[in-house]
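Participant: Sharing a structure here in structure tokens format.
No lab work stands behind these numbers, since they all come straight from the coordinates. Bear in mind the structure is a predicted one, so any value in this text is a computation, not a measurement. Virtual Cβ from ideal backbone geometry, glycine too; neighbours counted across all protein chains shown.
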Amino acid sequence: MIAIIVVFIGALFCLYLGIKKQESFAVPIALTTLAIAIGITSVQLIGKEPWALELSLRSGGMMLFDFSAQLFSLILLVGLFLVLLGFKPLKTIGADLLGLLMFSLCGGMLLTGFTHLVMMFLGIEVLSIPLYVLAGAQKTNKSSNEAAIKYFLMGAFSTAILLMGCAFIYGGTGTLELEGLNRATYMQGHMKLATPLVFGGVLLIFIGFLFKVAAVPFHFWTPDVYEGSPTRATVFMATVVKIAAFAGLIRLFAIGFGELKDPVWLNTLAIASALSIVIGNATATIQKNAKRLLAYSGIAQAGYMLIAFVGNNYSTDIWNLWVYAGAYIFASVIVFTIIGIVEENGNSSDLESFRGLSIHNKFLAFALVVAMFSMAGIPLTMGFVGKYGILTAAFGVKPWLVVIALVGSAIGIGVYFSFFKQAILSRTDKPLNKLKVSLSQNIALVISVAAILIIGILPLLLTNIKDFFIN
Amino acid sequence: MELIIISIIASIVTYLVPKGMAKMVALLGAILTLGYNAFMLNSFTADGVKRFVFDKPWFSDAIHFSVGIDGISMLMLLLTNILVVVILLGAGMQERKQESLFYSLILFMQAALIGVFVANDGIMFYIFWELALIPIYFLSALWSETGDYKTTIKFFIYTFIGSLAMLASFIYLGSKVGYEGHLFSYDNLVAVKLSYAESMWVGFGILLAFAVKIPLLPLNSWQPDTYVESPTAATQLLSGIMLKMGLYGLIRWFFPLVPESYDFWSKVIIVLGVIAVVYGALIAIRQNDMKRLTAFSSLSHVGLIAAGIATLTIVGIQGALVQMFAHGVNVVGIFLCIDIIERRAKSRDLTHLGGIAKQSPYFAALFLILVLGTMAVPFTNGFPGELLLLKSIFTYDTILGVVAGLTIILCAVYMLRMYQKSMLGMPSGDVYLFPDLQKSEWPALIIVCIMVLGMGVYPQWIVELTKASSDNILKIILETVGEIA
């Protein structure tokens, strides 16, 4: 909770700097703010006393920063921190837009900790609205404008659908609080009394979230928006926004509608997940543009994250999703940072322009390999740890989904190879422009690579942390 | 455990040292590993109990980093470590770009292979299995001879799908263990009792992984292309050691884990194996590319080994182990010779070669030893293994035994054809200048040839080393089978 306030103040400050045209201070200030927020959240997490501190700040029973909320807030903060490190301040994105990124993050953090559907809606709106601006940040670029319009229309529709769902739910249960929902749906679920109103509401909300996380069949906007938006906005959408939406989704569906799981939404979710994995990976293999490729592979990753909802035990589910989300954020930050570096040096984001990357910069190539292996779930990376946790938890409930996920992984390997083929294997005569990599970019890459490898090689660390918190 | 650490450290150091030294450092690392292995062998008793056990929780309680060495593992470790030294010696004869990365990948590969052979936990086995795939992929792709990545990607995707199926099977088995704790330990997985249908599915998943690597017949299409594409060192690693991963997996993991459906699977494997024997040999006879020829000959030999294992008799398994060791040595030696020929004559096409023996008699003599070893002539290392294998298949089914027995004749046909066309006759266009072996080429070839002859004269040590472990595995399988019957 305090972290949100800190980030919010930092964002205001950035806006102010934007007005005063003092943009060179903006990035350091944003980074410091985020670092402070990360510190606060970690201290609260380690202290294991979120309840006592936050209860006094419960705004009328609408927010509760419990364990899962803080976990997800932490990873969102770290995500934005790495994203900001990974990019040089471009002319197209100034201090005001930096402020927007941080406002959006505030929305994401609201989504991790709501206990009332109004707060959830608020979180989604705060998360999305700055992004409509960010997507169109390159005002003179046609595809950036196209991306902004598309994103705005899609986003507006999905929030409308979501709001409709909330209304249905209120009609069906008479409450908007998570615990009230849980009680009401428990009664209805047990006595087979759940009304069509509740069914419809749950499904509409689910659809609204599927738009946000870009899962099949509501994924069509992602490739265009990812490709058109400036890369810094794209990486933010691909990491922080997606994970924030997942945090909200698991909070709502695990706590609020947990009791309705089997009869109502489990099968829908499993089908959406399976389709996302297969369609996302299969379409990604034929992409020629790195950002589009990542958009499709992000759709597949969303499918994997949906599997985490299938498990039997909510605290384990949340933990599994968190680990997977962490792996996904680190890997995406690496890949997008590299795309950013290549773009900054005057290349397009087509796969072709990655030709001969390994010859120019061995470290970038190594980081790329690590990130790709982590996304593919190859052992000794954090991605494997995440996938393993999610898949074993789902094995007892929906074995066919696990099989599809594994088949999807096999297809996914092809995706990452199309990247490798250009970046590492190609011997090119036409070399890349000389790549300039700034210190902060190197730091972002090193942190991400280290996180992926350390947790991948010693997953026991993570297990110990989990035991520390859960017991 | 220590072996893995030594080779990983050697791999990293190799990458870091300056360019010229990488070769020497890598060789030193490999010799160090081999030396330590010999030291372990010295204090090793082959009584079927796992020695040098190391067991620490890795992921959570369910997955341990658990390794241990019994007789079979020890044999495979020796094979791996000796061959890596030979391969490094062979690879060192040639200059190539990005040397330090090349050697470091070979050593990394060695670490992963050692891990596969000592893993005592299903998930660990899977992890090392996957890890072995990564360096070999980069070795084949980055130093590919033609720059066509299609074949290496095909190879990677084949094996990756196989491994994922294996992972699914292991997780399923783990979920059946039924209590908390070290779910995926070898003993727990083996103790799981499955219904017939379950064991068919689980078996299918595991077998898919092994069948791709061995390769069993319908899944072999990656093999010749990848062999031809890859640099010689990668081909040697693939054919000499990696194929043995699949065979080792059959003995150690596949049959003990799904003994419930052993009758079905062993039939399948034996029939596929015997078909591969004849099919591989017949195709090999028609090949002119020496690497391709050896690839198909490898297919033929490995089919025989797989069939021998699937008979699930002590004779079959012992024969398979002896032959695995022998085939590893032979095939690495043959590829070494092909590499030497190719470097001198700039071709490995049999129609362009001939008369090498006249120009370099020493080389021809050593090559002959390897050819004879592959043909399983008595007093070479190929003979005892093949004899045992054929005997086991013959006992299993007379007709299959007879068909498999064709291998002796067919193998002689294609190996002698290869020898004759390349070594004998008049020197033809490409080989008019073929200097004899140079100093740097002697050690690798000599090591291989000594092993060919030495094992041919005294193969008993392998049998003694692995007897107790093989007995154990057979006992596990037969106990479950007995309960069902």
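Participant: Please list 3J(HN,Hα) in residue order for the range B:245-255, calculated via the Karplus relation 6.51 cos²θ - 1.76 cosθ + 1.60 where θ = phi - 60°; whole Hz, with x for glycine and proline.
Facilitator: 4, x, 5, 4, x, 4, 5, 7, 10, 4, 5
Participant: For chain B, which span is the longest to avoid every loop-located (per DSSP) member of GluC sites (Glu not before Pro) having at most 14 other Cβ atoms inside 10 Å?
Facilitator: The segment B:181-485 is the longest one with no such site.
Participant: Run through every distinct alpha carbon pair of chain B and return the Kirkwood hydrodynamic radius in angstroms, one decimal place.
Facilitator: About 22.4 Å for chain B.
Participant: On to the next question. Any chance you could run the full-extension gain for B:ASP187 through B:LEU453? It's 0.36 nm times the residue separation minus the Cα-Cα distance, nm to one decimal.
Facilitator: Full-extension gain reported as 91.9 nm.
Participant: Which aspartates and glutamates, if any, have their Cα less than 20 Å from the Cα of B:LYS467, not counting same-chain residues under 8 positions apart?
Facilitator: Result set, ordered by chain and number: B:ASP47, B:ASP70, B:ASP187, B:GLU386, B:GLU479.
Participant: Something else: Where does the range B:301-362 land on Rg(C-alpha)/(2.2 N^0.38 Å)?
Facilitator: Relative to the 2.2 N^0.38 Å estimate, the range B:301-362 comes out at 1.60.
Participant: Which whole-number percentage describes the relative contact order of chain A, with Cα contacts under 8 Å and a sequence gap of 6 or more?
Facilitator: Reported as a whole number, the value is 15 percent.
Participant: Let me ask you something else. Work the Kirkwood hydrodynamic radius out for the range A:278-364: mean of 1/r over every pair of different alpha-carbon atoms, inverted, in Å.
Facilitator: That comes to 14.6 Å for the range A:278-364.
Participant: Also, quick follow-up: Looking at the range B:333-437, which chymotrypsin sites (Phe, Trp or Tyr not before Pro) are in a loop (DSSP not H, G, I, E or B) and have at most 12 other Cβ atoms within 10 Å?
Facilitator: Listed in order of number, the matching sites are B:TYR432.
Participant: Explain nothing, just the number: relative contact order of the range A:339-418, from Cα pairs under 8 Å at least 6 residues apart, as a whole percent.
Facilitator: 16
Participant: Non-local amide H neighbours of A:HIS116 (under 5 Å, H modeled in plane, Pro and chain starts lacking H): which ones?
Facilitator: For A:HIS116, the qualifying residues are A:LEU178.
Participant: For a label point 7 Å from the Cα of A:LEU197 along Cα→C-beta, name the residues of the range A:236-262 whose backbone N is under 19 Å from it.
Facilitator: Residues passing the 19 Å test: A:257, A:260.
Participant: Can you list the lysines whose alpha carbon sits under 17 Å from that of A:LYS261, skipping same-chain ones fewer than 8 residues off?
Facilitator: The qualifying lysines are A:LYS192, A:LYS398.
Participant: Something else now. So what is the relative contact order for chain B, in percent, with contacts set as C-alpha pairs under 8 Å and at least six apart?
Facilitator: 17
Participant: How large is ³J(HN,Hα) for each residue in the range A:333-344, as worked out from phi by the Karplus curve 6.51 cos²θ - 1.76 cosθ + 1.60 (θ = phi - 60°), to whole Hz, x for Gly and Pro?
Facilitator: My calculation for the range A:333-344 gives 4, 4, 5, 5, 4, 5, 4, x, 4, 4, 5, 4 Hz in order.
Participant: Let me confirm one metric for peptide B:59-68, namely the mean number of other chain beta-carbon atoms within 10 Å of its residues' beta-carbons.
Facilitator: Mean partner-chain Cβ count within 10 Å for B:59-68: 3.
Participant: Counting only trypsin sites (Lys or Arg not before Pro) that are in a DSSP loop and have at most 16 other C-beta atoms within 10 Å, tell me the longest site-free stretch of chain A.
Facilitator: Formally, the longest exposed-site-free interval is A:289-426.
Participant: Hey, could you grab the Kirkwood Rh for the range B:110-226? Inverse mean 1/r over distinct alpha carbon pairs, Å, one decimal.
Facilitator: Roughly 15.3 Å, rounded to one decimal.
Participant: Under a plain spin-label model, where a point goes 7 Å from the Cα along Cα-to-Cβ, how far apart in nm are B:ASP471 and B:THR395?
Facilitator: Spacing of the two 7 Å Cα→Cβ label points: 1.5 nm.
Participant: Among all the aspartates and glutamates, which ones have a C-alpha under 17 Å from B:LYS19's C-alpha, if same-chain residues fewer than 8 places away are not counted?
Facilitator: Output for B:LYS19: B:GLU95, B:GLU99.
Participant: Another one. Hey, what do the phi angles of the range B:324-332 turn into as Karplus ³J(HN,Hα) couplings, whole Hz, using 6.51/-1.76/1.60 and θ = phi - 60°, x for Gly and Pro?
Facilitator: My calculation for the range B:324-332 gives 4, 4, 5, 5, x, 4, 4, 5, 5 Hz in order.
Participant: Over the Cα atoms of the range A:74-141, what radius of gyration and what Dmax do you get, in Å?
Facilitator: Answer for the range A:74-141, Rg first and Dmax second: 13.2, 42 Å.
Participant: Extending each Cα 7 Å along its Cβ direction at A:ASP467 and A:LYS436, get the distance between those two points in nm, one decimal.
Facilitator: Modelled inter-label distance: 5.0 nm.
Participant: First check a/c for the range B:380-461, with a ≥ b ≥ c the square roots of the eigenvalues of its C-alpha gyration tensor; if it is under 1.5, answer rounded, and if not, answer prolate when a/b is larger than b/c or oblate otherwise.
Facilitator: Because a/c hits 1.5 or more and a/b fails to exceed b/c, the range B:380-461 counts as oblate.
Participant: Take B:LEU32 and A:THR268, extend 7 Å from each Cα along the Cα→Cβ direction, and tell me the distance between the two endpoints in nm.
Facilitator: 6.1
Participant: Ok, one more. Where a ≥ b ≥ c are the square roots of the eigenvalues of the C-alpha gyration tensor, would you call the protein assembly as shown rounded, which needs a/c under 1.5, or, failing that, prolate if a/b is larger than b/c, or oblate?
Facilitator: The shape class here is prolate.
Participant: Here's another thing I want to ask about it. My understanding is that a pair violates if its Cα-Cα distance is over 27 Å; which of A:LYS288/B:LYS213; B:LYS97/B:LYS358; B:LYS23/B:LYS291; A:LYS20/A:LYS142; A:LYS362/A:LYS466; A:LYS466/B:LYS56 do that in this structure?
Facilitator: From the list (A:LYS288/B:LYS213; B:LYS97/B:LYS358; B:LYS23/B:LYS291; A:LYS20/A:LYS142; A:LYS362/A:LYS466; A:LYS466/B:LYS56), the Cα-Cα distance tops 27 Å for A:LYS288/B:LYS213; B:LYS97/B:LYS358; A:LYS20/A:LYS142; A:LYS362/A:LYS466.
Participant: Using a/c under 1.5 as the rounded threshold, could you call the range B:263-485 rounded, prolate or oblate? The axes a ≥ b ≥ c are square roots of the C-alpha gyration tensor eigenvalues, and prolate needs a/b larger than b/c, oblate otherwise.
Facilitator: prolate
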